[in-house]
Ligand code: NI
C-alpha cells in the first residue's frame, strides 16, 4: 500500500515538532521515501513532509519536472532533504498563493523569503547545500514548516486572502487547474 493517507488540518499530529533522523540509514528509510513519493505524485503535490503521512521525522521531499497544480512554476529538482536547515539570504519577502495537500481545496497568500540557503542530507546521507530563490525557495520553506508543526494558514497575514480554490477561480483571482477538483 504505497499511497498513504494524508493527514488533514485538524489532526493534532500536524502541529507537532518532528524529530531528527539519526543515523541516516538508507535501507531503513527506503520504504518511507517510496511511500512519500507515491503519495505526493498521486496527489500532484510539489512536495511532501513525513508528518503529513503521520511519520514524525524531519524528512521532506519535493520537486517535479512539470506540476499540474502549478503549471507556471519552473521545474525543481526531485530532492530528498533530511534534517534540513534553512538560512534566509535576503530580507526580501514575496507574497504568493499556496496550497497544501493537508488543507485540500483551499489556497492562501503566504509571505516567504525570496532567497534562501538550505542544507541537510539526502537519502544516502550525503550533504545537500543549495542557494535557491522564487518558487523553489517557497516550496522548501513550506515543506520544512511542516517539520515544526506549522501549516501555511498560520502564516497568512490577511485572512481575506484565504479561500476555496473553486470560488477563488470563479472570481478570477487564481487559475483553476484540471487537477484541483480532486482535492
Ligand atoms: Ni503542505
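One way to sum up the overall shape of region 68-152 is the equivalent ellipsoid from its Cα gyration tensor, whose semi-axes run 21, 15, 13 Å, largest first. Here the gap between residue 92 and residue 22, fully extended at 0.36 nm per residue and compared with their Cα-Cα distance, gives a gain of 21.8 nm.
Protection proxy ranking, highest mean first, for peptides 3-9, 68-74: 3-9, 68-74, where packing is the per-residue count of other beta-carbon atoms within 10 Å, averaged. Relative contact order of the chain: what whole-number percent is it, with Cα pairs under 8 angstrom and at least 6 residues apart? Averaging sequence separation for qualifying contacts and normalising by length gives 24 percent for the chain. Among 103-110, 15-22, 42-49, the peptide with the highest mean count of other Cβ atoms within 10 Å heads the list, and the full ranking is 42-49, 103-110, 15-22. Here, P(r) means the percent of Cα pairs in each 5 Å bin from 0 to the largest distance; for region 1-155 it is 2, 9, 20, 24, 23, 15, 6, 1, 0.
Across region 63-133, Cα pairs under 8 Å and at least six residues apart give a relative contact order of 29 percent.
Alpha carbon centre of region 38-56 versus region 74-151: separation in Å? Comparing the Cα centres of region 38-56 and region 74-151, I get a distance of 14 Å. Overall, the ratio between the Cα radius of gyration of region 73-118 and 2.2 N^0.38 Å, rounded to two decimals, is 1.36.
Shape descriptor for region 1-70: Rg over Rh equals 0.97 (Cα atoms; Rh from the Kirkwood inverse mean 1/r).
For region 39-102, the equivalent ellipsoid built from the Cα gyration tensor has semi-axes of 19, 18, 12 Å, listed from largest to smallest. Computed packing ranks the peptides 57-64, 129-136 as 57-64, 129-136, most packed first, by mean other Cβ atoms within 10 Å.
The simple Förster model, with R0 at 35 Å and r as the Cβ-Cβ distance, assigns residue 160 and residue 115 a FRET efficiency of 0.80. With the biggest extent put first, the Cα atoms of region 113-183 measure 45, 28, 22 Å across the principal axes. Dividing the helix sum by the residues of the chain, where each DSSP H run of 4 or more adds -39500 (n - 2.57), gives a mean residue ellipticity at 222 nm of -6500 deg cm²/dmol.
Taken together, the values in this text are just the output of simple stated rules run on the coordinates, not laboratory data. These figures come from a predicted structure and were not determined experimentally. Reconstructed Cβ throughout: ideal geometry from the backbone, glycine too, with neighbour counts over all protein chains shown.
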